[in-house]
Amino acid sequence: MAYPKAPWKLQGYAIQTGQLVDIEQARPFIPPEFEIISVLPGKTLGGVYASRYESGSALEYSELIVVAGLVSYAGNWGAWISHIYVDNPDSVAGGREIWGLPKELAEFTWDKREDSSQVAVRQGNRKLCRFSTTNMVLPFSTGFPLPLSGPVLSALNSDVLLFKGEFNSPLELVNGKLDIPTESPFARLNLDKPLLTVKCQSLQILVNAPEVVGQKSVDFSYQ
């Protein structure tokens, strides 16, 4: 596969949810070496992210990311991505071989309008999720780009990796709805009732190269 070296610069648009996740439900999706960070008693923070990276990006593709929770390891903390889907084989290879992310191929169908957006993601006959948004009656937007940075922990064979994504985009609160059928691989995380949903219309991301921060057992398999 021909994929660019890290870092990857990506630009386009995205929608993102934030939600409390039961730690007991998140545990099977996270290797035992990682401590799950509790933000409330028995709860961690997860969510779903869907994006479309367009012309000017290192690669052009759609992406669905499922964050099972926040984790810590050897003094480092970050999001744990339990499932990630894209529609570009080069992105699959790069994600797995550079960042240790469990990328898989999937099909994306977007319906993007001024006051709403929707994306359906499936693998063959299996529906993974349908993510839709509508503008709020009383809209709230930052109106200007906000620079944000988020750490992610992952694992590549026995290496524990840490990398950061740097985001820059105006943020707009929207009404979000997630339909996750029971046959979806991440249905057990119960991510279909988001606390909040934000829309990023003019998104720019820099996904930095990872660093090795430790070693782990290699017998864990993603659920």
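None of the figures in this text is laboratory data; all of them are computed from the coordinates on show. All values derive from a computational prediction rather than experimental measurement. Cβ atoms come from the backbone with ideal geometry, glycine included; neighbour counts cover every protein chain shown.
The Cα trace of the chain gives Rg and Dmax of 16.6, 49 Å, the first to one decimal, the second as a whole number. Among Thr44, Thr142, the order by Cβ neighbours within 10 angstrom, fewest to most, reads Thr142, Thr44. Backbone geometry of the range 169-174 corresponds, through the Karplus equation with coefficients 6.51, -1.76 and 1.60 at θ = phi - 60°, to 3J(HN,Hα) couplings of 5, x, 10, 10, 6, 9 Hz, x marking Gly and Pro. Using C-alpha pairs under 8 Å with a sequence gap of at least 6, the mean separation divided by the residue count of the range 8-215 gives a relative contact order of 23 percent. Each of the peptides 175-188, 87-100 was scored by the mean count of other Cβ atoms within 10 Å over its residues; in descending order, highest first, they stand as 87-100, 175-188. Taking a straight line from the alpha carbon of Lys177, these lysines sit under 27 Å away, with near neighbours fewer than eight places off in the same chain left out: Lys43, Lys103, Lys112, Lys127, Lys193, Lys199.
Projected over every direction and averaged, the convex hull enclosing the alpha-carbon atoms of the range 1-107 yields 7.3 nm². Expressed as a whole percent, the proportion of Cα-Cα pairs in the range 48-141 lying more than 16 Å apart is 63%.
The shape of the range 99-223 comes out oblate: with a ≥ b ≥ c from the C-alpha gyration tensor, a/c is at least 1.5 while a/b does not beat b/c.
Taking the centroid of alpha carbons for each part, the range 149-223 and the range 119-133 are 17 Å apart.
Multiplying the residue separation of Asp90 and Glu107 by 0.36 nm and subtracting their alpha-carbon distance yields 4.6 nm.
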